[in-house]
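Each remark here refers to the structure printed beneath this line.
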Amino acid sequence: MASAAPALAFPPRAERTDLPAPPEGRGDGFDLPASLSERGIGLRPARADDIGWLRALYRQLRAGEFAPMGWPPQALAAFLDQQFAMQHLHYVRYYERADFLVVEREGAPIGRIYLQRAAPEHLLVDISLDARAHGSGIGGGLVRWAQHEAHARGRGMRLHVEHGNHGARRLYERLGFVLTENLPTHAAMRWESDLR
């Protein structure tokens, strides 16, 4: 039942328009390494008109998880929209100092990275890529860029990864993150800059 891009299979429905815009981006420090920029990968601050695309990305990435429930497509879409809205509101309220960035390839959105670059440690709030970008090295390149941002300021970085997200956990471990705490649904991980 799950497909490569389940968000496209959902029937059209009224979209929620009352969600707040992401916090305004600072617009600084988004120079990516050549390994990404030469592939047409760029970053820009998320805007209010990105909400619909971000919702579709969330649907695409989470639909397979709930497909076994057997819900009709409209019910599944409504549930995922509700989950996206709650996540978005949480991020906007609790990480207002973060950079909410859209990842683009050749000017078209392919993901998001939300990064709070503040003392004492940077926080990778979220990184999500369109399913078609998985396994391409883009995610790893973006995390390394975030690590470089933290290292340049003499800071470490922390993140949380869902217990079932084994691919992301392996990637973070390869990049030097270590488990600091097992929480009920997530693993807390930390990377320490060698400048500390």
Taking a ≥ b ≥ c as the square roots of the eigenvalues of the Cα gyration tensor, with a/c under 1.5 meaning rounded and otherwise prolate when a/b exceeds b/c and oblate if not, region 82-123 is oblate
What accessible area, in Å² to the nearest ten, does a 1.4 Å probe give for F66?
-> 50 Å²
The chain: antiparallel DSSP beta bridges as a percent of all, rounded to 5 | 90 percent
Against the rule of thumb 2.2 N^0.38 Å, how large the Cα Rg of the chain comes out = 1.03
Comparing L183, L129, L32 in a Gaussian network model of the chain (Cα, 10 Å), the one with the largest mean-square fluctuation is L183
Cut-off under 5 Å, modelled amide H: who pairs with A118 long-range = L123
Please work out the average accessible area per residue across the chain, using the 1.4 Å probe convention, and give it in Å².
-> 53 Å²
Counting only protein heavy atoms with a 1.4 Å probe and every protein chain in place, the carbon and sulfur fraction of the accessible surface of the chain in whole percent equals 51 percent
Per GNM of the chain with C-alpha springs under 10 angstrom, the most fluctuating residue out of E65, E106, E121 is E65
Determine the relative contact order of the chain: mean sequence separation of Cα pairs under 8 Å and six or more apart, normalised by residue count, in whole percent.
-> 18 percent
At 1.4 Å probe size, with no ligands or nucleic acids counted, give the accessible surface of S136 in Å², nearest ten.
-> 40 Å²
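The values are calculated or read from the model by the stated rules, or taken from the named source; none is laboratory data. Every value quoted in this text rests on a predicted model; they were computed, and no experiment measured them. Accessible surface areas use protein heavy atoms only, side chains included; no ligands, DNA or RNA. Shrake-Rupley method; radii C 1.70, N 1.55, O 1.52, S 1.80 Å.
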